[in-house]
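The values are calculated or read from the model by the stated rules, or taken from the named source; none is laboratory data. Fair warning: this is a prediction, and the values are worked out from it, not measured in the lab. Glycine also receives a Cβ, built like all others from the backbone with ideal geometry; neighbour counts cover every protein chain displayed.
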Amino acid sequence: CYPIATDADDGVETAGGVWLANGYNDANLFGVLNEESQTWALRFALPDVAPGTTFAYARVVFHADSDGTVDTGAQLSITGAALDGVADFAVAPPSSLPRTTASVSWSIAQNWPHIKPALDSDCFPLERTTPDLSAIINEILSSPTWGAGADGKTLAIIVENAGASGSNAPAAKDFHPMAGPCEGFLAPRLELYPDVRSTFVARELLTRPTDSSVTITAASLLNLEVFAEYGDQPSSLLQQTPVIQTHGAPFSIVLTNLTPNALNYYRLRYRPLGAAQFESGPLCSVHTQRPRGQAFRFTIQSDSHLQNILNRGSQKRIDVYRRTIQRIAADAPEFHFALGDTFQCENDLGRDVVDLEEAVERHVDQRRFLDDVCHSAPFFFALGNHEGEQGWRLSNDPNDVPVLAARARMALYPQPTPDGFYTGNATPDARAGLLGNYYAFEWGDALFVVIDPYWFTTVKPHNSGPIPGTNDAWDWTLGADQYRWLRQTLEGSDATFKFVFAHQVTGGTVPYGRGGASAAQHLPIAPGSFEWGGRDLLGAYTFPLERDPNVFVKPVHRLMRDANVSIFFHGHDHVFAREIYQGVVYQECPQPSQSRENNGFAEAGKYDPDAPGTIIKNNTGHLRVSVAPASVRVEYIRTRDPNDPNDGAVAAAYDVRDCNCNGVSDVLDIWRGVAVDADGDYQIDSCHCDCADLDASGQVDITDLAMLLSAFDVTPAGDVDCDCDTDLADLAALLAQFNTPCP
């Protein structure tokens with residue numbers, strides 16, 4: 001990547017041959033304006049590129065300016081200066097330079113969209129790109145003496161009118177320092193891609209795994225022919241998908257007939273159109289659905305807020321996020337969750353996307369991080385409030401932010417839709433198609449349920465941002481269809497463990513939707529619990545008055561409690577916080593990208609560190625969740641300075657267990673063993689798997705031996721080691737403890 005380095009390196013040459021280094025008030029017009037040509041020229045220094053180097057793809061990325069004029073469509077020609085180095089344009093204006101034989105046509109049908117005023121708007125420019133310029137770049141570099149002269153390793157790209165008349169001149173922002181808290185300069189840049197593999201701006205990422213299939217999604221800047229080869233042996237990939245043509249857009253390939261309950265291997269094969277040989281991507285893997293009785297591991301992140309980081313130039317936070325991703329990859333999860341505020345098509349500190357192209361680019365930005373994990377760990381997603389997919393923003397505008405965001409998300413991260421393996425939202429949107437915004441599946445001994453608080457919330461409940469709201473948390477809702485599905489899914493599952501995932505609750509300690517367990521209660525410091533807990537600001541139970549009782553039979557928390565939900569994983573509040581309310585664990589997720597070790601919005605969310613069972617830890621990091629047939633372990637893995645000995649350490653951990661082996665994690669488990677609920681919070685502290693005092697008498701004695709022998713190979717009633725089986729291992733443990741008190 002080679003940015004313009006000085007103000008003299010880009011500008012406009014007018015029809016009269018005058019060079020304007022600053023363009024027209026920092027806007028570089030190119031094309032024709034009032035029948036007069038406007039030529040945009042850019043000079044790039046490539047200090048590390050050698051003569052004779054070739055590139056598979058090249059483009060200029062620039063920041064669009066709406067001050068241009070495009071009446072009927074700009075018709076442009078892009079060439080290069082056929083020179084071994086380029087002098088200052090003030091000395092040798094573009095019109096005086098010899099041109100490359102190679103040229104590229106570029107048509108722009110309409111003016112760039114206007115960017116609405118935003119906080120520090122220069123931090124959030126509208127990026128646009130040229131077509132592929134590799135033929136021009138390669139011609140310039142083919143000279144063996146390129147870069148040897150006084151002007152060094154420099155080249156010029158020239159954009160000029162190619163036949164249009166009238167006023168058809170788009171505009172690009174000229175190089176200039178950025179305002180506000182932004183670091184660096186607003187500058188066009190030349191991106192050079194040395195080979196076909198490097199043109200994959202989105203590498204292999206998996207979604208929608210089942211017992212026999214998975215979806216691969218990727219994107220290359222080139223128009224490629226692509227297929228996948230795969231099998232259950234890494235050295236013998238005997239199955240192949242049909243060859244598809246990508247047209248330079250995101251594409252998906254579905255692998256079918258995978259070996260059930262096994263590690264399957266795959267790799268992409270690809271070639272540019274007209275090339276003779278297919279190249280190979282890296283060998284990757286995916287595990288198909290686990291049956292009950294098998295252990296597995298998954299990971300969770302939330303609230304990376306990548307657009308805020310990128311557009312404010314915070315290299316420190318980028319480095320922190322990358323280290324967190326590296327930690328996640330080292331965990332080798334079977335799949336990976338992100339709980340929102342990931343793609344940010346609505347941006348609280350900047351601006352919304354203006355069209356589909358920009359929505360796609362914001363989703364592509366995450367691929368440089370998530371691809372390092374999700375090539376072999378399928379990606380699951382719960383929408384955040386800054387994704388922009390809110391019902392209150394829907395209108396008849398073709399560029400509605402929710403529609404743009406949903407289309408981009410499903411193109412680059414296709415989420416589950418009902419297909420026999422997954423249940424979920426079966427109703428397509430007329431413009432966005434199937435949304436994949438809520439869904440459920442089983443894996444091993446766990447049910448996974450992802451819900452969406454946004455699409456069906458059609459009245460804005462808060463006043464944050466430029467769109468006015470009601471400041472009434474009752475306006476947060478899952479909607480009737482999603483609620484019915486959630487109830488049916490939770491009540492219809494007999495999985496031992498049930499996990500629910502969402503960015504936030506429908507309600508909250510404030511209208512913005514903060515809080516976890518506190519949002520399910522009516523507390524003096526957090527009055528009202530709304531759709532989540534059913535109470536109004538005065539504490540009255542008004543749920544049947546605020547919701548249709550024929551659909552919403554109980555608040556969401558009670559629905560989870562009564563269906564024995566083990567853990568509700570959520571984001572939004574930017575802190576690690578484990579809370580417990582009525583047997584349900586509320587797990588708020590830390591940020592993966594915070595360079596400051598703060599506690600996020602713990603105060604606004606009313607997280608009480610003194611509440612029984614509550615654990616609060618400062619940022620930054622991710623969650624690692626290990627699921628076994630009778631237990632779940634949740635660990636908070638910290639990301640700290642790489643020189644800190646605690647970097648990568650487990651900062652907090654706890655277990656959720658089916659201690660009585662009745663096939664479900666519920667409050668009855670507290671009666672199994674001795675003092676398993678030591679702090680009285682109705683959550684298992686330990687199954688005391690090291691204690692053989694089966695009758696809880698305080699002594700391991702003959703009564704315990706009789707209980708074990710009567711249950712031997714029959715029931716788990718004599719289970720000492722909590723593997724849900726009474727066997728020789730339990731007998732050995734009991735005999736080793738005989739005539740001793742429990743520890």
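Across segment 490-507, the number of residues qualifying as free of Cβ contacts under 8 Å to residues at least 40 places away in the same chain and surrounded by 24 or more Cβ atoms within 10 Å (Cβ to Cβ) comes to 1. If you go through segment 411-430 and keep only what is more than 21 Å from residue 486 (Cβ to Cβ) and surrounded by 19 or more Cβ atoms within 10 Å (Cβ to Cβ), you end up with 411, 412, 413, 414.
Of all residues being of a type in the set (A, V, I, L, M) and touching a Pro at 6+ places or on another chain (Cβ under 7 Å) in segment 37-59, which is surrounded by the fewest Cβ atoms within 10 Å (Cβ to Cβ)? Just the residue, please. Residue satisfying both the conditions and the ranking: 56.
For first residues located in segment 10-39 and closer than 8 Å to residue 174 by Cα, partners that are of a type in the set (S, T, N, Q) and crowded, with 16+ Cβ neighbours inside 10 Å and lie 6+ apart or on another chain with Cβ distances below 8 Å form the pairs 10/28; 11/22; 11/28. Inspect all residues belonging to segment 385-408 and state whether any of them is in contact with a His (Cβ under 6 Å, 6 or more places away or on another chain), over 27 Å from residue 265 (Cβ atoms) and assigned by TED's automatic domain parsing to the domain that holds residue 531. Taking every residue of segment 385-408 in turn, at least one turns out to be in contact with a His (Cβ under 6 Å, 6 or more places away or on another chain), over 27 Å from residue 265 (Cβ atoms) and assigned by TED's automatic domain parsing to the domain that holds residue 531. Is it the case, given these coordinates, that residue 21 is under 30 Å from residue 365 (Cβ atoms) and either buried (at least 17 other Cβ atoms within 10 Å of the Cβ) or not assigned by TED's automatic domain parsing to the domain that holds residue 307 (or both)? Here the answer is no, as residue 21 does not meet what is asked.
Looking only at segment 638-661, decide whether some residue is part of a loop (DSSP other than H, G, I, E, B), in contact with a Gly (Cβ under 7 Å, 6 or more places away or on another chain), surrounded by 18 or more Cβ atoms within 10 Å (Cβ to Cβ) and at pLDDT 80 or above. Within segment 638-661, one or more residues are part of a loop (DSSP other than H, G, I, E, B), in contact with a Gly (Cβ under 7 Å, 6 or more places away or on another chain), surrounded by 18 or more Cβ atoms within 10 Å (Cβ to Cβ) and at pLDDT 80 or above. Given the structure, is residue 459 surrounded by fewer than 18 Cβ atoms within 10 Å (Cβ to Cβ), assigned by TED's automatic domain parsing to the domain that holds residue 341, in contact with a helix residue (DSSP H, G or I) (Cβ under 8 Å, 6 or more places away or on another chain) and on the phi < 0 side of the Ramachandran plot? Yes: the conditions hold for residue 459.
Only one of the numbered conditions (1) of a type outside the set (Asp, Glu); (2) touching a Cys at 6+ places or on another chain (Cβ under 6 Å); (3) surrounded by fewer than 20 Cβ atoms within 10 Å (Cβ to Cβ) is not met by residue 123, and that is (3).
How many residues does segment 369-410 hold that are touching a residue at least 40 places away in the same chain (Cβ under 8 Å) and either more than 13 Å from residue 329 (Cα to Cα) or aliphatic (A, V, I, L, M) (or both)? The qualifying residues number 26. Answer with yes or no whether residue 62 is under 28 Å from residue 126 (Cα atoms), touching a helix residue (DSSP H, G or I) at 6+ places or on another chain (Cβ under 9 Å) and surrounded by 16 or more Cβ atoms within 10 Å (Cβ to Cβ). In short, no. Just one of (1) closer than 20 Å to residue 650 by Cβ; (2) touching a helix residue (DSSP H, G or I) at 6+ places or on another chain (Cβ under 7 Å); (3) of a type in the set (Gly, Ala, Ser) fails for residue 628. It is (2). Inside segment 29-72, residues that are part of a strand (DSSP E or B) and aromatic (Phe, Trp, Tyr) make up a count of 4.
For segment 86-102, indicate whether the set of residues that are surrounded by 20 or more Cβ atoms within 10 Å (Cβ to Cβ), outside the structural domain of residue 353 (by TED's automatic domain parsing) and in contact with a Cys (Cβ under 9 Å, 6 or more places away or on another chain) is non-empty. No, segment 86-102 contains no residue that is surrounded by 20 or more Cβ atoms within 10 Å (Cβ to Cβ), outside the structural domain of residue 353 (by TED's automatic domain parsing) and in contact with a Cys (Cβ under 9 Å, 6 or more places away or on another chain).
Let's see how each residue does on (1) within 25 Å of the chain's Cα centre (by Cα); (2) not β-branched (Val, Ile, Thr):
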position: 445; (1), (2): no, yes
position: 452; (1), (2): yes, yes
position: 457; (1), (2): yes, no
position: 460; (1), (2): yes, yes
position: 496; (1), (2): no, no
position: 503; (1), (2): yes, yes
position: 506; (1), (2): yes, no
position: 524; (1), (2): no, yes
position: 537; (1), (2): no, yes
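Considering segment 715-743, and only residues there that are under 44 Å from the mean Cα position of the chain (by Cα) and touching a residue at least 40 places away in the same chain (Cβ under 8 Å), the residue that is surrounded by the fewest Cβ atoms within 10 Å (Cβ to Cβ) turns out to be 723. Only one entry of 571, 528, 534 meets the criterion of being touching a strand residue (DSSP E or B) at 6+ places or on another chain (Cβ under 9 Å), free of Cβ contacts under 8 Å to residues at least 60 places away in the same chain and farther than 23 Å from residue 488 by Cα, and that entry is 528. In segment 539-567, the qualifying residues are those that are buried (at least 17 other Cβ atoms within 10 Å of the Cβ) and hydrophobic (A, V, I, L, M, F, W, C), and the one that is nearest to the chain's Cα centre (by Cα) is 567.
Look through segment 128-159, keep the residues that are in a strand (DSSP E or B) and not aliphatic (A, V, I, L, M), and return whichever of them is surrounded by the most Cβ atoms within 10 Å (Cβ to Cβ). The qualifying residue surrounded by the most Cβ atoms within 10 Å (Cβ to Cβ) is 154.
Of the residues making up segment 327-352, those that are in a helix (DSSP H, G or I) and surrounded by fewer than 23 Cβ atoms within 10 Å (Cβ to Cβ) are 327, 329, 330. Of all residues in segment 412-426, at least one satisfies being under 20 Å from residue 572 (Cβ atoms) and either touching a Phe, Trp or Tyr at 6+ places or on another chain (Cβ under 7 Å) or at pLDDT 95 or above (or both). Consider residue 252 carefully, then state whether it is part of a strand (DSSP E or B) and buried (at least 16 other Cβ atoms within 10 Å of the Cβ). Here the answer is yes, as residue 252 does meet what is asked.
Restricting attention to segment 301-314, does a residue exist that is in a strand (DSSP E or B), modelled with pLDDT of 95 or more, of a type outside the set (Ser, Thr, Tyr) and under 20 Å from the mean Cα position of the chain (by Cα)? Looking through segment 301-314, at least one residue is in a strand (DSSP E or B), modelled with pLDDT of 95 or more, of a type outside the set (Ser, Thr, Tyr) and under 20 Å from the mean Cα position of the chain (by Cα).
Every test in (1) closer than 30 Å to residue 197 by Cβ; (2) modelled with pLDDT under 95; (3) in contact with a Leu (Cβ under 7 Å, 6 or more places away or on another chain) is passed by residue 119 save one, and that test is (1).
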